[in-house]
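The values are calculated or read from the model by the stated rules, or taken from the named source; none is laboratory data. Because the structure is a prediction, the values reported are computed rather than measured. For neighbour counting, all protein chains shown are included, and Cβ atoms are generated from backbone atoms with ideal geometry for every residue, glycine included. To get the accessible areas, we keep the full protein, side chains included, count just its heavy atoms, and leave off ligands, DNA and RNA. Shrake-Rupley method; radii C 1.70, N 1.55, O 1.52, S 1.80 Å.
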Amino acid sequence: MLMLFDVSLYGIENSGNEINQAGGLSSLGAAEWFEPFRPDQARDPGRGFRQP
């Protein structure tokens with residue numbers, strides 16, 4: 001996320017940007033910040049949570 005504030009990386013949030021493509025980054029646009037990166041590899045909902 002910090003890359004979005006680096007002036008030298010302007011436009012990296014766009015999937016068509018060559019730096020984005022070279023790095024294999026997911027979409028970094030604000031509208032997609034809360035979308036799962038890999039929905040086909042989602043965590044099993046029946047797994048439960050760890051207890052401290």
Given a 1.4 Å probe and every protein chain left where it sits, what share in percent of the accessible area of the chain is carbon and sulfur? 57 percent
Under the Karplus curve 6.51 cos²θ - 1.76 cosθ + 1.60, θ = phi - 60°, whole-Hz ³J(HN,Hα) for segment 20-26, x wherever Gly or Pro sits: 4, 5, 5, x, x, 6, 6
So if I place +1 on the C-beta of Lys and Arg and -1 on the C-beta of Asp and Glu, and nothing else carries charge, what would the dipole magnitude of the chain be about its Cα centre? I want it in debye, nearest 20. 360 debye
All other residues with a Cβ under 13 Å from the Cβ of Ile12 taken together, and with Lys, Arg as +1 and Asp, Glu as -1, what is their net charge? -3
Estimated 222 nm signal from helices in the chain, with DSSP H stretches of n ≥ 4 weighted -39500 (n - 2.57), rounded to 500: -2500 deg cm²/dmol
Of the chymotrypsin sites (Phe, Trp or Tyr not before Pro) in the chain, which ones lie in a loop per DSSP and count no more than 13 other C-beta atoms within 10 Å? Tyr10, Trp33, Phe34, Phe37, Phe49
Rg/Rh of the chain (Cα atoms, Kirkwood Rh), to two decimals, equals 1.14
Of all trypsin sites (Lys or Arg not before Pro) in the chain, which ones are in loop regions per DSSP and have a Cβ with at most 11 other Cβ atoms within 10 Å? Arg43, Arg50
